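Nothing in this text is a laboratory measurement; each read-out follows from the coordinates by a stated rule. No experiment lies behind these values; they were computed from the predicted model shown. Heads up, the Cβs are rebuilt from the backbone with ideal geometry, glycines too, and the neighbour counts pull from every protein chain shown.
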Amino acid sequence: LMLRPRITSWLRGELTYEALHSHYADLRDANLWMNTLGTTAQLQPHTRFQVDAGYEHTIADFPFDTSNSFFDHGTAVKISFAQTRWLTHQTGWKYQTREYDTRNARDGAGTNVAGLIREDQRHTVSHDLRFRFANTSLRLGGQAYWNASNEAFLDFYDWQDYQVRAVVSQVFSPTWIGLMVASIERRNYEARRVPVIEIAERDNLMTVAGSLIYQLNDHTQLTYGLTYRYQDSNDPRLDFIDWINRVQFSLEF
């Protein structure tokens, strides 16, 4: 659910809520309930310049394995600058922390550290170029993010990730819009090793996604999206193929 009230001619707010439930038939401990609430302030003091500043809070509950339950906090800033009528630059930064309910951090030997709850951190930086034409727009960009955790055991969650992506949108009519996304992502682990051969793990993730948007009226729209993901890792156990279907309803004030 997304609400976007306009407060003044140069200030708009945004409030989003997302609920997610994952149910596994044969892996009960992985069942998940997730609730995410996000708020954003969009400031546009000039027609060519905009700043978005936001905060996001997530509660993830694993009812059959509470040691995996966690809280996420995220703060983000995006700056957009229209260089010309058809070219826009957008630079972003986001900082996230994840705090677990009951899981303790472990030391290098794999022993729980008494009184030290595990906490993960992530920094993300990104830059995009957006080209706008009559009925078509193209976005080319990339991002890099890296994790750090107080989980010392094998430094399992410390890695760097680099992604490049392309997004094309096409207006077919006043009520129909199409969207295509393609991206390649590389994840390099610092200390995590592939079993047996003892080399650092390297994952490559390829994503292709498409969405069809129907504008019901000036304030509401309905979106259907289909995503295909394929991961190729030097640890064959982590290779996978994903198909994701998504339906979204948006209401704007």
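Below is a table of values for the structure above.
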| quantity | calculated |
| --- | --- |
| Correct option for Rg and Dmax of the Cα atoms in Å [calculated from the coordinates] among [x] 22.9, 71; [y] 18.0, 57; [z] 20.6, 61 | [z] |
| GluC sites (Glu not before Pro) restricted to region 1-103 and DSSP loop, no more than 12 other C-beta within 10 Å | none |
| Over the chain, relative contact order from alpha-carbon pairs under 8 Å, at least 6 apart, % | 11 |
| Length gained when the stretch S233-D26 is fully extended (0.36 nm per residue, less Cα-Cα span) | 72.1 nm |
| Loop sites in region 3-107: trypsin sites (Lys or Arg not before Pro), DSSP, at most 13 other Cβ within 10 Å | R48, R85 |
| Overall dimensions of region 115-220 by Cα: Rg and Dmax, Å | 19.6, 59 |
| Relative contact order, percent, region 91-161 [alpha-carbon distance under 8 Å, six or more residues apart] | 31 |
| Label-to-label distance, nm, for residues given as H46 and E190 (7 Å Cα→Cβ offset) | 4.0 |
| DSSP-assigned coil residues among GluC sites (Glu not before Pro) in region 194-253, each with at most 16 further Cβ atoms within 10 Å | E198, E252 |
| Mean Cα-pair separation over length for region 1-67, i.e. relative contact order, pairs under 8 Å, 6 or more apart, % | 29 |
| About the Cα centre, charge dipole magnitude for region 148-253 (Lys/Arg +1, Asp/Glu -1 at Cβ), debye | 340 |
| Pairwise centroid distance, computed over Cα atoms, of region 213-253 with region 177-192, Å | 14 |
| Charge dipole of region 1-92 about the Cα centre (unit charges at C-beta), most positive-ward option of L87, G38, A25 | L87 |
| Gain upon complete extension [R132, F64; 0.36 nm per residue less C-alpha separation] | 19.7 nm |
| Cβ-based charge dipole, the chain, positive-most Cα from N188, A109, P236 | N188 |
| Size of charge dipole - the chain - debye, nearest 20, with Cβ of Lys, Arg +1 and Asp, Glu -1, no other charges | 1220 |
